[in-house]
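Since the structure comes first, as structure tokens, the remarks are kept for the end.
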Amino acid sequence: MERSFVAEVTDPADNEALDAMKSLSVNLRQGFIRRARQAESLKSQIRKSPYPVIIAGDFNDTPVSYSYRKIRKGLNDSFVRSGYGAGFTYRGNYPANRIDYILYDTILESKIF
């Protein structure tokens, strides 16, 4: 019989751990939804701009996220173009990752100094 992930990582009798996992799951889901809406709104503004754009900030999302991919489409990522190494911008309770970005219009260029 296949066991659920929750059952594998927690004692089913440990209600506190189960409640914490459920709460974390709800918070993550709500965050993904909020950031997706914000990404769509930002992308709409980028499309309307008559000028080359530079977008810099803490997206609180990884390079494989919907939000990052939505905003980056048609733009260059300065780390991908000119960075090196792992590029971690977050080191905390969750696995280290890159969540801060500088994206720029393709008419512009990124240089290493």
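Values in this text are rule-based calculations from the coordinates and carry no lab data. Quick caveat, the model's predicted, so the values are computed rather than measured. For neighbour counting, all protein chains shown are included, and Cβ atoms are generated from backbone atoms with ideal geometry for every residue, glycine included.
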Protection-proxy order for peptides 51-63, 25-37, each taking the mean of Cβ atoms within 10 Å per residue, highest first = 51-63, 25-37
Sum of -39500 (n - 2.57) over DSSP H runs of 4+, divided by residues of the chain (222 nm, nearest 500) = -14000 deg cm²/dmol
From the Cα centre of segment 18-36 to that of segment 37-80, the distance in Å is 23 Å
Modelled FRET efficiency - R0 30 Å, Asp105 with Met21, Cβ distances, 0.05 increments | 0.10
Please give, to one decimal in nm, the separation of the simple spin-label points placed at Phe32 and Asp58, each 7 Å out from Cα toward the Cβ.
-> 2.2 nm
Two-site label geometry, Lys70 and Ala86: point separation in nm, points 7 Å out along Cα→Cβ | 2.9 nm
Spatially close lysines, pair count over segment 8-113: Cα under 28 Å, gap of eight or more or interchain | 9
Once both axes come from the Cα atoms, what is the angle between helix 15-48 and the longest principal axis of the chain, in degrees from 0 to 90, rounded to 10?
-> 20 degrees
